[in-house]
């Protein structure tokens, strides 16, 4: 019985690899007969949303852009999963904490990737979602989205709209863990955001932590993506997967790179980052040495704006939870980015914090002139611009 089970598992894995290869090579047609539900949750077919109903116009600029993105993924994940190192499996093992769900309104959905993998996602939108920044969160190697409800709540309550996904093989997402697969998953999530009318596609911020930094860098360095990324915030990333392994075991440093089935060589890509970037580093990080974040920062030479924020008391994933993070790092960075992205200053900056948005609406009442108040009293309340 176990042999039969292993045979089925092996055959399924092989089919996944073939679909992945075909997608990266541009030989896989978008799927239109996908199920509407997976694990009882709605499935969103990204190919259909992006390319429209069949038949696909493969000469369209949208489809040509898709092929360029797949080619970029293929070129920057050259290591094929031939060798399955003990170090790779140890580092890729997800550690589950107390499973939970966001305590704020959210959509529990699956995104169907270009190679037919079902990616579990939470989408959180404010009622006035178009007025806020939208954060695509790329979590670390030892987490799944159901472990991160407190972080999700924090981003929603303080920073804006949120989309967070589990990469293939993580949490409830289908498929097997792989570098190239994870790149496709994050690209799929980003493409989904670009199809949402409820958000402003020019205000998307990519937030990566640990391994998520490598995924964010991959996404942001693809030329077709950068114009739609407002900024990146990257917390305690590594220069390459092998370097991360070396921090866990000195022996890994002496092993050849080809023995690892994951490359994630961010240090070779960051010079292609043109979007504004803020690197966050915790000096108490016991998982990835802080020097790796510094090396990424120093190699990011072509960004419109790049800064490094070092926190002496922070560890591997808690820089954003430091008491002075918002005032010291986050607000100044977002204000600087807005000035760079809007040099003509004709557009008003959206609220940097959701809480600021509430204060702005309340305080604006007191900005009304006496004449405006009298006018409002004699007409309709909504006619005063101060109340919008």
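Summary table
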| item | result |
| --- | --- |
| Whether the range 133-202 is rounded, prolate or oblate, judged on the alpha carbon gyration tensor where a/c under 1.5 counts as rounded | oblate |
| Ranked list, fewest to most other Cβ atoms within 10 Å of each Cβ, for 329, 201, 173 | 201, 329, 173 |
| Ranked 112, 37, criterion: other C-beta atoms within 10 Å, fewest first | 37, 112 |
| Residue 294-residue 71 pseudo-label distance in nm [points 7 Å out on the Cα-to-Cβ vector] | 3.9 |
| Global form of the range 12-341, assessed from the alpha-carbon gyration tensor, a/c cut-off 1.5 | rounded |
| Estimated distance in nm for a label pair at residue 37 and residue 172, the labels positioned 7 Å out from Cα along Cα-to-Cβ | 1.3 |
| Which of 51, 238 has the fewest Cβ neighbours within 10 Å, and the rest in rising order | 51, 238 |
| Residue 27 versus residue 228: modelled label distance in nm, points set 7 Å from Cα along the beta carbon direction | 2.8 |
| By average C-beta atoms within 10 angstrom, highest first, the peptides 14-27, 336-349 | 14-27, 336-349 |
| Additional length obtainable on full extension of the chain from residue 274 to residue 107, 0.36 nm per residue less Cα span | 56.9 nm |
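We did not get these values from a lab; they are worked out from the coordinates using the rules stated. All figures in this text were calculated on a predicted structure; none of them were measured in a lab. With ideal geometry, Cβ positions are generated from the backbone for all residues, glycine too; neighbour counts draw on all protein chains shown.
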